[in-house]
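This report refers to the structure that appears directly beneath it.
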Ligand code: CTP
Ligand code: CA
């Protein structure tokens with residue numbers, strides 16, 4: 001039978017979630033990447049879909065199964081991730097959890113770099129990757145009504161994340177402390193601070209699924225407060 005609307009409060013809204021790392025080729029067998037399991041992003045895609053949203057999950061390489069009911073677009077590089085995000089527009093909600101490599105290797109080619117005995121190691125020239133969150137946050141007719149970023153920090157978490165929210169132009173940023181001793185990277189739990197234009201809210205340590213559900217609840221409240229366009 002049909003679910004009551006109250007059970008699917010995001011019904012009729014489209015959401016875009018980025019997740020996982022990107023892999024930036026050095027040559028056909030080697031790559032540069034950030035550390036990311038993709039778990040928090042997959043949990044958010046799942047929570048938004050369960051709340052009734054139509055969800056596109058643009059994911060770099062992970063070992064996770066796609067959440068049920070979510071449209072999964074697999075990509076490898078940041079340039080591909082940006083193109084897949086643009087193809088998913090327009091949408092109402094964008095949540096960028098991906099650990100996008102900040103740089104890619106200039107001139108990565110089709111030929112494997114070989115070790116030459118006695119020769120020095122190769123020098124890699126890096127060029128900046130597109131900033132997908134900043135791109136989605138730019139004002140304009142295609143801007144999602146709510147854009148949420150993440151900030152993985154090791155130091156001055158709240159200050160860095162607050163500055164990052166302004167620099168990127170997103171509406172909310174979720175800061176987390178990823179110092180090795182927190183065990184958050186690759187783990188099941190997260191401890192985050194939600195930063196909006198009006199303030200900061202620290203959430204106690206909880207499972208990544210619970211963080212995703214908490215965020216989905218906050219998104220439901222935000223959309224209940226804004227009239228439909
Ligand atoms: N992000 C993105 N595209 C990039 C880099 C980052 O979409 N090329 C997004 C991430 O998904 C995250 C947010 O921006 O939501 C913050 O990423 P982070 O790496 O913490 O910020 P940077 O601006 O890259 O700053 P730095 O790595 O120097 O801290
Ligand atoms: Ca970065």
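Points to keep in mind about this one:
- Principal semi-axes of the equivalent ellipsoid, √(5λ) from the alpha carbon gyration tensor of segment 150-229, are 23, 17, 9 Å from largest down.
- Angle between the chain longest axis and helix 39-50 axis [Cα atoms, degrees, rounded to 10]: 30
- Cα convex hull of segment 1-153, projected area averaged across orientations, nm²: 11.3
- Highest average packing first - 134-142, 165-173, Cβ atoms within 10 Å: 165-173, 134-142
- Compared with the dominant principal axis of the Cα atoms in the chain, helix 157-168 is inclined by about 90°.
- Segment 110-171-segment 182-229 distance, computed between alpha-carbon centres (Å): 21
- Considering only alpha-carbon pairs that sit under 8 angstrom and 6 or more positions apart, the relative contact order computed for segment 31-134 is 27 percent.
- Tilt relative to the chain, helix 208-225 - C-alpha long axis, 0 to 90 degrees, to 10: 50
- Relative contact order (percent, whole number), the chain, Cα cutoff 8 Å, 6+ residue spacing: 19
- Taking every alpha-carbon pair under 8 Å whose residues sit at least 6 apart, segment 142-229 reaches a relative contact order of 21 percent.
- Cβ-Cβ FRET estimate between residue 210 and residue 145, R0 fixed at 35 Å, reported to 0.05: 0.90
Any read-out appearing in this document is the output of simple, stated calculations on the displayed coordinates, not a laboratory observation. Everything numeric here is computed off the predicted structure, so don't read it as measured data. Counting neighbours? That spans all protein chains shown, and the Cβs are built from the backbone with ideal geometry, glycine included.
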